[in-house]
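First up is the structure itself, then whatever we jot down about it.
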Amino acid sequence: MKSFFQKAILKDSWQKTALLLKQEAIGVIPTDTIYGIVGLALNKDIVEKIYKLKKRSFKKPMVILISSQDELKMFGVKIGFKQKKFLNKFWPGKISVILDCPFKNFSYLHRNTNTLAFRIPAKKEILKILLITGPLIATSANLEGYPPATTITQAKKYFGNKVFYFNKGKINSKPSTLVRFTKDKFEILRFDAKK
């Protein structure tokens, strides 16, 4: 008998995607950049499962997708006037911003780097999902060291029936631009995507 996840290839159904994620499932979904493997960011067990599924280095943090700047407060992250001005200009969009987060209770997210990377996606479907699920941990849909999946077929070769899939056809994009904030200064660490 086929498992639930083998059957769960969703097409054009952000509502079902949101409900599955809310119920602590892990999914491969189209983000505003590439297909990502995602799960509840505030659930430590889910985060650890994603690290194991992806075979990702446990020292490397992942991006957290949020629906608004207000959600930064959930992580104890505070931003200054210049940072807010920058974020107002580039969010929502393909810009991930690294901000200080020295709190030990979020070490499972920042992996002892004392920083977290956040992004507010531009795609309306993803924002609708986030309004239901809350913040989602997100990383490219591939095993560490392999190319990111551009189709669900490729993603299934990596993850099989261990996750559910939200199919939106082929996605041929690049990862988000990565910006590091330190006080009122910022540094571009990776520049791959347009706003």
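All of the numbers you see were taken from the coordinates with simple rules; none came from a lab. None of the values given here were measured: they were computed from a predicted structure. Here the Cβ is made from the backbone with ideal geometry for all residues, glycine too, and neighbour counts use every protein chain on show.
Sorted from largest down, what three extents in whole angstroms do the Cα atoms of the range 4-190 have along their principal axes?
Answer, in whole Å and largest first: 47, 30, 29 Å.
Note down the magnitude of the dipole of the chain about its Cα centre, charges +1 on Lys and Arg C-beta and -1 on Asp and Glu C-beta and zero elsewhere, to the nearest 20 debye.
Its charge dipole is roughly 300 debye.
Would you list ASP100, ASP45, ASP70 from fewest to most Cβ contacts within 10 Å?
Fewest-to-most Cβ neighbours within 10 Å comes out as ASP70, ASP45, ASP100.
Counting only C-alpha contacts under 8 Å and six or more residues apart, can you give the relative contact order of the chain as a whole percent?
34
So which of LYS22/LYS54; LYS22/LYS94; LYS22/LYS124; LYS22/LYS73 end up more than 22 Å apart, counting from Cα to Cα?
Pairs exceeding 22 Å: LYS22/LYS94.
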